[in-house]
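A short reminder: the numbers here are calculations on the coordinates, not readings from a lab. All of these numbers come straight from a predicted model, not from anything done at the bench. Note that we place each Cβ from the backbone using ideal geometry, even for glycine, and neighbour counts take in every protein chain shown.
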Amino acid sequence: MVQEIKEEDLYPVVTSAERFKGNLFFHQVPVADWTECTKRIDLITLEDGKVVAIELKVSDWRDAFHQAFRNLFASDLSFVALWHRHFRSLDRRMFEKCGVGLIELNGTARVMIQARNSQLTIPERREYLLTQCLPERVYQKS
Amino acid sequence: MEFSTLVISSNVLETFFSTSIKTINNRAKPYIIDPLTYIYGLESIDLSPKRWYSKLVSHYGLDLILSPGVTTITVGHLLMAGQATNSLRNLVENVTNYQKRRILDSSEFDDFTDIEGFQGHDVSPDLFVPRFLIPPYFYMGYDVEDISDIGQSQWLRVNIECAKHAVARKETSEKICAVILISKSLLFFPEQIEKLVNEYSTTEVDAFMLWVPDFREYREPEQLLGGFVKLVSTLSKLGKPVFNFYGGMFSLLLSKRGIAGVCHSPCYGESKDPFAERGMLATVRYYDQDMKIKVPYGKLVEFLKLTNRDYCDCQYCASLRGVVGDTTDARGKRIELAAKHFLMQRSSEILSINADDAQAIVSSFKQTLELCEQNDPNGTYGDYYKHLKVWNSVLSKALT
């Protein structure tokens, strides 16, 4: 029986990856405090003093890329984590141009493109993001 | 160019009558009333529940034209064998009289004059004579009539007859401004534009007011923007001022190609769709003076980062950054300050255009575009700056 993968199935694959071993993750973290902004980042983790944002997607890599690019304004590093079946149509150059990292998910998580330090981080946004990493947002694998 | 005229829609006048009188008096600027007659010709929108709707029906004498329960005027009410009916003539008379006399003949105006007089201020009735009178106007388009050529449009005939009748009955000191409300798709066809202008050349009105529905200058493709330039320049060859009823920066930059003025509200209203339902939560839109577009205020800092800029140092932006919280009051304050910032920037842009510096503004598009493309190579924020490329292309040709 082939089961359809859902986005929530990808969370434990990312959080238990070797790359992020021992990290604490926060999920659905709001990006800004102004009314019209409903954007939330799928996963945030802190690593060596850096804020790492990860957007998870089953298939629409382009949408995930744009979200991950926008995350560069609030984080130090930004990744897209994509389900392996949709890698074929992906344009790697887009990621390499902007410094957005790419993780392939296939039972495990493998970093295909390393993220580069963001040149677009806005200090106030980063600070706000950190204030939103609250206990109730800690990701617990169910 | 300068801020020269207040435009008050008749629905706003009817809803805020006393406030409108005060505003006209206090601003001491010429004003015009948009009679909004187009709404009575559109089946697709029903504004009859609005309180002002029935007031206008009464003022325009539409209750004598329309049967009970009928809210839409048809061509058949206004034309018979291509000629104006009495109903059309009466409509023109009622609509233009409304603009001339609605305020001056009202008890509210008498009360206002009395109160001002008591306080030692004179109220000049001349201030309440509209700068232009607008004859009844209706939407013309391939989507409301089964036509392949604008020359076949019966609504065009109606509009022309209304304009001609308004000119025929005007007093010497009065000026008639025809509103040309046309389908956007017309702009794709240069020969259709020429036909339209040819028709309006027979009206002998004193000015033209263009309205292309939902014409968003920063979104339209190059071909449509080029069509708009053609419409403006062809119409202006008739030797009468041409205004854009709902326009922004792109229109202002066409001052050398025939645009005499542009209307918009403070920080919104640079496009309008007559078919859209109104009523929306007011959002804080901030005018980015380098990108020449309004951006959600919360995103401003991202655009500044993309283009290596600091915050605007005007007095309003300094106050804007000091507004905290997300209460209704705070949002209202932000909207007000963003609007003031916009008006200040727009004034400065108009000064540059008046000083013959439109070309310098157009040249600045390239610099902003380069920075955006450098920092956003995949166009994630492209919706907010790609219009600069299109504008640069159209205006570089139009202004040489």
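Assorted remarks:
- The peptide list A:16-25, B:9-18, put in order of mean Cβ contacts within 10 Å with the highest first, becomes B:9-18, A:16-25.
- The spacing between the stretch B:1-79 and the stretch B:91-106, judged by their C-alpha centroids, is 11 Å.
- Over the stretch B:215-270: Rg over Rh, Cα atoms, Kirkwood Rh: 0.96
- Pairwise FRET efficiency - B:Y311 versus A:D48, Cβ, R0 = 30 Å, nearest 0.05: 0.45
- Residues B:I335, A:I5, B:I73, ranked from the fewest to the most other C-beta atoms within 10 Å, line up as A:I5, B:I335, B:I73.
- Pairs of alpha carbons in the stretch B:47-186 whose separation is greater than 25 Å (percent): 39 percent
- As a length-normalised measure over Cα pairs under 8 Å and 6 or more apart, the relative contact order of chain B settles at 12 percent.
- DSSP-defined antiparallel bridges as percent of all bridges, the protein assembly as shown, nearest 5: 45 percent
- The phi-based Karplus calculation (6.51 cos²θ - 1.76 cosθ + 1.60; θ = phi - 60°) puts the 3J(HN,Hα) values of the stretch B:351-363 at 4, 5, 5, 5, 7, 6, 10, 4, 4, 5, 5, 4, 5 Hz, whole numbers, x for Gly and Pro.
- Candidate lysines - alpha carbon under 23 Å from B:K29, same-chain residues fewer than 8 apart omitted: B:K100, B:K170, B:K175, B:K240, B:K340
- The Rg/Rh ratio for the protein assembly as shown, using Cα coordinates for both the radius of gyration and the Kirkwood hydrodynamic radius, is 1.05.
- Number of partner chain Cβ atoms within 10 Å, mean per residue of B:297-304: 4
- Under 5 Å, built H, 5+ apart or other chain: amide partners of B:Y286: B:V295, B:Y297
- From largest to smallest, the equivalent ellipsoid semi-axes obtained for the stretch B:58-130 from the alpha-carbon gyration tensor read 37, 13, 6 Å.
- For chain B, DSSP calls about 30 percent of its internal beta bridges antiparallel.
- In terms of Cα atoms, the Rg and Dmax of chain B work out to 22.3, 65 Å.
- Translational diffusion coefficient (Stokes-Einstein; Kirkwood radius from C-alpha pairs) of the stretch A:17-135 at 37 °C, 0.692 mPa s, in µm²/s: 230 µm²/s
- Rounded to whole Hz, the Karplus (6.51, -1.76, 1.60) HN-Hα couplings of the stretch B:72-84, x for glycine and proline: 10, 7, 10, 4, x, 6, 10, 10, 10, 6, x, 10, 5
- The simple spin-label model puts a point 7 Å past each Cα toward its Cβ; for B:S173 and A:K21 those points are separated by 9.1 nm.
- Farthest toward positive dipole pole in the stretch B:6-262 [+1 Lys/Arg, -1 Asp/Glu at C-beta], among B:L88, B:V75, B:V129: B:V129
- Look at the stretch A:59-68: the mean tally of other chain Cβ atoms within 10 Å of its residues' Cβ atoms is 1.
- Residue by residue, the stretch A:99-114 carries 3J(HN,Hα) couplings of x, 7, x, 9, 10, 9, 10, 7, x, 10, 10, 10, 6, 8, 10, 6 Hz when phi is fed to the Karplus relation 6.51 cos²θ - 1.76 cosθ + 1.60 (θ = phi - 60°); x denotes Gly or Pro.
- Cβ charges +1 (Lys, Arg) and -1 (Asp, Glu), total dipole of chain A, debye: 400 debye
- 16 Å tail of the calculated P(r), the stretch B:287-389, as % of Cα pairs: 61 percent
- Stokes-Einstein D for the stretch B:117-251, Kirkwood Rh over Cα pairs, 20 °C, 1.002 mPa s (µm²/s): 133 µm²/s
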